[in-house]
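Only the coordinates and a few stated rules stand behind these numbers; no lab work does. Since the model is a prediction, treat every value here as computed from it, not as a measurement. We place every Cβ from the backbone using ideal geometry, glycine too, and count neighbours over all the protein chains shown.
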Protein chains: 2
Amino acid sequence: MQPDPLYARLKAQILREIVSGNWPPGRRVPSENELTRQHGVSRMTANRALRELTSEGRLVRLRGSGTFVAEPAPSSDLLVIRNIAEEIRARGHRHEARVRRLRREPLPPDLVPRFALAEGAAAFHSLIVHLENGRPIQFEDRWVDPAMAPGYLENDFTRITPHEFLSRVAPLSRAEHVVEALLPPTHVRAWLDMGGTEPALRLERRTWSGERVVSRALLWHPGSRYRLGAAIGLDIDRAGSKQP
Amino acid sequence: MQPDPLYARLKAQILREIVSGNWPPGRRVPSENELTRQHGVSRMTANRALRELTSEGRLVRLRGSGTFVAEPAPSSDLLVIRNIAEEIRARGHRHEARVRRLRREPLPPDLVPRFALAEGAAAFHSLIVHLENGRPIQFEDRWVDPAMAPGYLENDFTRITPHEFLSRVAPLSRAEHVVEALLPPTHVRAWLDMGGTEPALRLERRTWSGERVVSRALLWHPGSRYRLGAAIGLDIDRAGSKQP
DNA sequence: CTCCCCAAGTTGTATATACAACATGGAAGC
DNA sequence: GCTTCCATGTTGTATATACAACTTGGGGAG
């Protein structure tokens, strides 16, 4: 079809110099006017190429000084964590939820440091089993600050997940996740229909809206039936529910 | 100091309409020429505002039709996965690596579907134990395509991690991660100094450079000593190594 | 030697203008 | 009624031009 636009071609050329190692981090890149002369493009075209590479983290620009190759970003990767109902549905499977508890209870002492609430203060507590095609796959144990989600107990959590409800009433400003491999307590084993020595994958999730903690959830999964993760561009079938 | 530039002010106004719900997903946004007339800016300024909001995922633009508010991103969260050496060092702890194997071997049959290599083709295989303050915390079992990293076997992996080396010689274009809770095989237990029923957290990682798979790593961690994850803005101490 | 000023160069924003490539709706023709 | 064509409108790229805000280095004055 179309050849690439000029600004995109210029971006690609600059990126080649960087990736090849010819222009290491800190190296000064030709100025807009130099690129204009060298490549026979307008200054606005050169500006756009450099500006986009800057917004992509490849370059650093200093007004009056020039444009420099950026330090490489730290090598880290991202793993996507999805709401269990969405995940199951994305696999073309049936999601169901069984609500085992949904009531106001005093906040246990070990959770006090997790919330902006005093010991014994009333909090909402829900225990929900999520099933995929009739098989338990996640046991959700969640505590919620009533001030942040006053209507929490009025919900039918067989129709909407707590995650979805909370996302709506208390927009997420921050989240924390920790993943562990553990031997679960016996009540979790019973809810998830797990054998005696089977490990569980536990995801702990805490969310904030503004500066205040909204909820703390422990999400337990049977190691034999669940895996966590999705690749960038990967088939969804590889993640989540293990093959039978 | 400076008032915001015109394009930034226009961006902010459009974003306000979106965030407030006045302009829901799918809603048509005023065209560049309409914004030019309504706001008394040049068309290039309007174009820049709309273009940047588009690259930020807020708008969708169709040549000839117009500009529309984008659907909100699916509710998902991101978990950061870091190179084990960086992670340990970030905690102010000492990272060491013990190389238990580093050689060319025929690719096992179960890995053939994972690489663009034929069964029995030569591949690089490394087994490395990573220690934190002298305690084993990760057992890394990695296979590498020799065509993608020809110098792999020449490295001293007590000084640089395979992850770091591969990131340099074969720039990452794609990555896949899957996290599982498993009972590890006995050789993994031995390397990681784990008890008989203790679960392991296993991270499987595969990376591509361009269209070709570079490496497949299984990263085993003792469930009692390692947790995976970091919050956005959280204290690093909460993640990775469990408190003694 | 230090400080100040100025010239040259660089990035940053804004506008006007032009042409290209596409979408859409209405009108005309069959 | 269906198809084709055309006018209008929209996005996409490119250029020339202008002014602003900053950096840097060199030279001159005290």
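Measure nothing but the geometry: give the 0 to 90° angle between the long axis through the Cα atoms of A:43-55 and the longest principal axis through the Cα atoms of chain A, rounded to 10°. Its long axis makes an angle of about 30 degrees. Within the listed set A:ILE137, A:ILE160, A:ILE14, the residue fluctuating most in the Gaussian network model of chain A (springs between alpha-carbon atoms under 10 angstrom) is A:ILE14. Measure nothing fancy, just the Cα-based angle from helix B:6-19's long axis to the longest principal axis of chain B, in degrees from 0 to 90, nearest 10. The helix B:6-19 is inclined about 80 degrees to chain B. 3J(HN,Hα) along the stretch A:199-208, derived from phi through the Karplus expression 6.51 cos²θ - 1.76 cosθ + 1.60 where θ = phi - 60°, amounts to x, 10, 9, 10, 10, 9, 10, 10, 10, 10 Hz, with x in place of Gly and Pro. Amide H to amide H distances under 5 Å link A:VAL80 with A:ALA230, B:LEU79, where only residues 5 or more positions off or on other chains count and H is placed in the peptide plane.
Pick from A:GLU86, A:GLU52, A:GLU132: which is most flexible by mean-square fluctuation in a GNM of chain A where alpha carbon atoms under 10 Å apart are linked? Looking only at A:GLU86, A:GLU52, A:GLU132, the largest GNM fluctuation is found for A:GLU52. Under 5 Å between amide hydrogens, which residues at least 5 positions from A:ALA70 or on another chain qualify, with H placed 1.01 Å from N in the peptide plane? For A:ALA70, the qualifying residues are A:GLY26, A:LEU59, A:VAL60.
Sorted from nearest, the other copies put their B:SER42 label points 0.9 nm away, the label point being 7 Å from Cα in the direction of Cβ. With R₀ fixed at 25 Å, the C-beta to C-beta distance from B:ARG98 to B:THR186 puts the FRET efficiency at about 0.85. Applying 1/(1 + (r/R0)^6) with R0 = 25 Å to the Cβ-Cβ distance of A:GLU211 and B:ARG9 gives a FRET efficiency near 0.35.
Ascending distances from the A:THR158 label point to its copies in the other chains, with the point 7 Å along the Cα-to-beta-carbon line: 6.3 nm. Using a 7 Å projection from Cα along Cα-to-Cβ, the label point at A:ASP4 is separated from the same position in the remaining copies by 3.2 nm, smallest value first.
Of B:ASP110, A:ASP145, A:ASP77, the sequence from fewest to most neighbouring Cβ atoms within 10 angstrom is B:ASP110, A:ASP77, A:ASP145.
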